Amino acid sequence: MTYMPQDFRGTLIRQQKDRSERNKQAEVDALINSGGSIRDQYALLWKQQMDRRRQLAQLGSATGVYKTLVKYLVGVPQVLLDFVRQINDDDGPMEEQRQRYGPPLYSLTVMVTFIRLFLLLVWGRFNANKLKRDQIAVLEQAVDIYTSEFERFTKFIGEVFANSPFFISAEVAGALEAGKNDDYKEITVQAGKNYEVSLTVDSVNSYIAWDFSLVQGKINMDIGFSLEYTNPSGEKTLILPYRRYESDQGNFCTIMVGNYKLIWDNSYSTFFKKVLRYKVDCIPPVVEPAQSTDVEG
């Protein structure tokens, strides 16, 4: 959520996730309504969980257009994508934790199952007021053992996950991204002046993306922004109409080769200079890898 853009793209991602979860819940409800057993429900929930992990692992190693959208246009750092892939890999740390600490948790579950079975059998044979003292003592001892063992296990497993090296903070992820070529730039646009960035696009279906904001500006201070295209013959076309922003983040897919110019306009200001922080990317077209046409029987 820290790295998800708080605009329409983040909304689309959240809507897609919510729709996927509703579909999974509908599968579970349909199974229950059809009389599916607990074992069947468990198998379905396990399959859904593995599907989530597989999708996250694929996201972490995304290729083609999907990687372009996620990494560059949405702005997710590569280190975070690597983290998502590694932690959800079939042989990754989550699977290691499950195999290492799952059996003890299963043993505790078996213990409480026997406690409940013993209680049901005793309750069926005797009235609650006629339970023998030794039976009550055994039951109390079993409950005490289970409680202490479960508390010890949950405390231990909490410390394991809290101290695991594969968990990284947003600050660490951001620091690891520092110094790369996609760092933001800061420039000063003097009063009455413009600032331009030109990009040469050699292939159609390239992506041009931008993200900018004003730094140390006064309240309601803004700057004009527009984008124009110049074809090889020198003819200009306005791609993004002029508008004044405090900040903006956007992108579009090119359909023509030539020169694209991003223009920040402060010519209307008589006294105030603007400190502009911006990042601009021109991402060449990416072809999705060929999909296998084999169909399993």
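The values are calculated or read from the model by the stated rules, or taken from the named source; none is laboratory data. In this text the structure is predicted, and so the values were computed from the model without any measurement. Neighbour counts run over all protein chains shown; Cβ positions are idealised from the backbone, glycine included.
Brief remarks follow.
- Filter pass, Gln216 being surrounded by fewer than 17 Cβ atoms within 10 Å (Cβ to Cβ) and at pLDDT 85 or above: no
- Residues in region 227-246 that are buried (at least 16 other Cβ atoms within 10 Å of the Cβ) and among the small types (Gly, Ala, Ser): there are none.
- Residue match in region 24-44 (condition: within 18 Å of the chain's Cα centre (by Cα), hydrophobic (A, V, I, L, M, F, W, C) and at pLDDT 70 or above): no
- Strands (runs of 3 or more DSSP E) completely within region 201-279 that count 1 or more residues being under 15 Å from Val189 (Cα atoms), in contact with a Gly (Cβ under 8 Å, 6 or more places away or on another chain) and in the same structural domain as Gln190 (by TED's automatic domain parsing): 236-245, 258-265
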